[in-house]
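Asks: Encoded as structure tokens, here's the structure I'll be asking about.
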Amino acid sequence: MSYRKAFIASNALMLAAFVWAFAKDFNAEWKPYQKKYYQMAADEMDKQAAAEKDGKKAAELKAAARKMRRSPLEVKQIISVDLGRYDRCVTCHVGMDEYTNTTLKNTFTEHPYKAHPKVDTALIKAHPFNKFGCTSCHSGQGLATTVDGAHGWIKHWEKPMLKGVTIQGSCVKCHDNFESIKGAEVAAQGKKLFNQHGCQGCHAINGKGGVISVELGDISDKPFERIAGYNFKRVRIDGKELPDEHHNSHWNIQNWIRAHLVNDPAEVTPNDPFAKLNAEPIPPSGMPDFTKEISKDEADAIVAYLSGMTKEEVIPYRYHVTAPPAKEPALTGAAHGKFVYQKYGCQGCHGLDAKQGRRRFNALADGQKEYDEKMPEAEQFAQMMLGAEPTLPKLMGTYTHEELVRKIENGVSAADAKKWSPKGPMPMVYMPAWKGKISKAELDDLATWLLSIGVKDDSGF
Ligand code: HEC
Ligand code: HEC
Ligand code: HEC
Ligand code: HEC
Ligand code: HEC
């Protein structure tokens, strides 16, 4: 091909690319929304003008309606330099621009035309949108101008929009005082539930808590690749499989967290207990089944709280609202001991009020059948699922105060666990050593409380 032909061909290509880009912009998804908004707003003004008795005011309204109709269609953007946000949400959610353009008021009832809900006037006043943008609270993709793109329901966008109450996770990011502010009640309830049920016995948040499982202080940064595909296929919400379509509005970290609370985690992360795919058996999730203890609404509250757990989003110091550390109640003796039990999350494994040990896969426990290798696999699995942490009150008769303190300080290593099936996996949940984590005074009161709830064993042992 001659240079001349190549030149013509490349020019033609460039023209095609230009026409394509122009057509794409011409057909931009956001344009009809913005256009319709201006039409609706202008119609509204015309209606008001028709009803207006004062001729001068009516003329003004009509002129304003004409101007509104002629508004140029353009990408609108709120820039929050401090928070590094370039949010184009108001390109479609034009009705929300009333916070940057205060003369605009609307009564539309449909997204994206409505005004921002006045969650609480104080909330809106405290976070002017021109300073905070939208994604600092909502997440999503600020720069995008398509519905799915902006709401973050696309591939490779790791921070999809927070929906419903989970938006309260955003308050947690900035507000150390989130437990006492208006508008973050659900996230505050989530934190309370987290501690009440002993999640901190196994999971640390920012280094505080157990080491049995993952640190949750950055759980909302967990990449899709680590939860999608293999694992997400087992996620059930309301008993239903999620649509098999990656990165849609369902495949997000919120549903992954929720899945651990509204399902038995052993079904979400079943692993390989009979070593079918691996050289060694791997037990299913060591996380207890909370479905009978935690309601769906409560699960949502925990999801809201954990949605604020991020290390990737750096909040500038000025945007951080600090709070003094919470005061502990003034308790002594056994009452304080019970408080200590709950504070450190012993109930995560030994159950609420220490009444019943929670599941410990393949540990030897009361009520199991004798191991028999001829037993069908399903039955073996059921027996392994009966493994549990010890029910503490039953064992308290065997300890002196000092021995009990030492036991709690030293823990029991995983290698010392007694297995039900010798071929099955080692129980992954073990008794952590609490030495250095719990103060001596706390340990003393803890032992006092545990000994006080000890029950006499009638079997004669
Ligand atoms: C291209 C237009 C467009 C852009 C850009 C856009 N939205 Fe939307 N938004 C919509 C439409 C249309 C709806 C209603 C239908 C729906 O939910 O998909 C909506 C609904 C919503 C809802 C309600 C969702 C629900 O399920 O109740 C929220 C919240 C929201 N948008 C926030 C945002 C935020 C935050 C941004 C910026 C990151 C944004 N939107 C950018 C068009 C847009
Ligand atoms: C200070 C945090 C904050 C900021 C900043 C913020 N919002 Fe909201 N937004 C909320 C809260 C809280 C709700 C109420 C959620 C609920 O109760 O369902 C809400 C609700 C909404 C809804 C309605 C959702 C529904 O289900 O009806 C939309 C749409 C929305 N916001 C868009 C925006 C847009 C666009 C911006 C930026 C111009 C923005 N928000 C800025 C906190 C914020
Ligand atoms: C990007 C950080 C950021 C996010 C996200 C955020 N806030 Fe704020 N908030 C602030 C700052 C900064 C102030 C101003 C504090 C001051 O003036 O002392 C504030 C003030 C407030 C106030 C009034 C002052 C007070 O402390 O009582 C309330 C109420 C409030 N926020 C609630 C919320 C709620 C509810 C959410 C979640 C929906 C939220 N905030 C999300 C940073 C944030
Ligand atoms: C007995 C220990 C234990 C307790 C108590 C426990 N978990 Fe877990 N959790 C685990 C283990 C082990 C895993 C990892 C395997 C899996 O994904 O199921 C896990 C996984 C998770 C995950 C997914 C983490 C990730 O990175 O994918 C979340 C979220 C979670 N737990 C939340 C909770 C909450 C909330 C509670 C309290 C209601 C709780 N856990 C109580 C042991 C525990
Ligand atoms: C991550 C789960 C987990 C947490 C959290 C946990 N334990 Fe344990 N605990 C176990 C397991 C498993 C055993 C049984 C160890 C063994 O014998 O193999 C055990 C055993 C014990 C025993 C000995 C019982 C016996 O067999 O005589 C005591 C006492 C005890 N735990 C108290 C506590 C106290 C107090 C706390 C809170 C400070 C606590 N545990 C937190 C899992 C846990």
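Asks: For a quick check of understanding: with a 1.4 angstrom probe and all protein chains in place, what accessible area in square angstrom does residue 5 have, to the nearest ten?
Replies: Surface open to solvent at residue 5 totals about 130 Å².
Asks: Would you work out which of 348, 450, 390 lies farthest towards the positive end of the dipole of the stretch 333-452, given +1 charges on the beta-carbon of Lys and Arg and -1 on that of Asp and Glu, about the Cα centre?
Replies: About the Cα centre, the residue reaching furthest to the positive side is 348.
Asks: So which of 67/131; 208/296; 125/208; 131/437; 155/292 end up more than 32 Å apart by C-alpha?
Replies: 125/208; 131/437; 155/292, as the Cα separations exceed 32 Å there.
Asks: Give me P(r) over the stretch 333-452, computed from all C-alpha to C-alpha distances, binned every 5 Å, as integer percentages.
Replies: 2, 11, 19, 22, 17, 11, 8, 5, 3, 1, 0
Asks: To the nearest 10 Å², what's residue 219's accessible area with a 1.4 Å probe?
Replies: Answer for residue 219: close to 20 Å² accessible.
Asks: Non-local amide H neighbours of residue 282 (under 5 Å, H modeled in plane, Pro and chain starts lacking H): which ones?
Replies: Result for residue 282 returns 272, 274, 275.
Asks: The stretch 126-256: D in µm²/s via Stokes-Einstein (Kirkwood Rh, Cα pairs, 10 °C, 1.306 mPa s)?
Replies: Roughly 97 µm²/s, to the nearest whole number.
Asks: Non-local amide H neighbours of residue 363 (under 5 Å, H modeled in plane, Pro and chain starts lacking H): which ones?
Replies: Amide H to amide H, under 5 Å and 5 or more residues apart or across chains, residue 363 pairs with 387, 388, 420.
Asks: Something else about it: From the protein chains alone at 1.4 Å, what is the descending order of accessible area for 406, 226, 70, 258, largest first?
Replies: If we order 406, 226, 70, 258 from most to least accessible, we get 70, 226, 406, 258.
Asks: Another question, then. Between residue 353 and residue 320, what length in nm is gained on full extension when 0.36 nm per residue of separation is reduced by their alpha carbon distance?
Replies: 8.2 nm is the gain from fully extending residue 353 to residue 320.
Asks: OK, next. For the stretch 400-461, which whole percent of the accessible surface, found with a 1.4 angstrom probe, sits on carbon and sulfur atoms?
Replies: Carbon with sulfur: 58 percent of the solvent-accessible area.
Asks: Could you compute how fast the stretch 164-325 diffuses translationally, taking Rh as the Kirkwood radius over C-alpha pairs and applying Stokes-Einstein at 25 °C with viscosity 0.890 mPa s? Give it in µm² per second.
Replies: Estimated diffusion coefficient is 147 µm²/s.
Asks: Just in the stretch 306-375: which GluC sites (Glu not before Pro) are loop by DSSP and have at most 10 other Cβ atoms within 10 Å?
Replies: Passing sites in the stretch 306-375 are 312, 370, 373.
Asks: Fully extended, how many nm does the chain gain between residue 453 and residue 71 (0.36 nm per residue separation, minus their Cα-Cα distance)?
Replies: Result: 130.2 nm gained on full extension.
Asks: Give me the 1.4 Å probe accessible area per residue for the chain, excluding ligands and nucleic acids, in Å².
Replies: With all protein chains present, the chain gives 57 Å² per residue.
Asks: So, one more: Relative to the compact globular guide of 2.2 N^0.38 Å, what is the alpha carbon radius of gyration of the chain, as a ratio?
Replies: 1.30
Asks: At 1.4 Å probe size, what's the solvent-accessible area of residue 222? Round to the nearest 10 Å².
Replies: 50
Asks: Cα-Cα pairs above 22 Å in the stretch 40-187: how many percent?
Replies: 48
Asks: Apply 1/(1 + (r/R0)^6) to the Cβ-Cβ distance of residue 211 and residue 125, taking R0 = 35 Å, and write down the FRET efficiency to the nearest 0.05.
Replies: 0.25
Asks: Considering only protein heavy atoms and a 1.4 Å probe, what is the carbon-and-sulfur percentage of the accessible area of the stretch 164-325?
Replies: 53
Asks: Let me ask something else about it. FRET efficiency for residue 413 and residue 180, Cβ-Cβ distance as r, R0 = 45 Å, nearest 0.05?
Replies: 0.65
Asks: Can you tell me the dipole magnitude for the chain around its Cα centre, using point charges on the Cβ only (Lys, Arg +1; Asp, Glu -1), in Debye to the nearest 20?
Replies: The dipole of the chain has a size of about 1920 debye.
The values are calculated or read from the model by the stated rules, or taken from the named source; none is laboratory data. Model, not experiment: these values are computed from the prediction. Ideal geometry is used to build each Cβ from the backbone, glycine not excepted, and the neighbour counts take in all protein chains shown. Just so you know, the surface numbers come from the protein's heavy atoms only, side chains and all, with ligands and any DNA or RNA stripped out. Shrake-Rupley method; radii C 1.70, N 1.55, O 1.52, S 1.80 Å.
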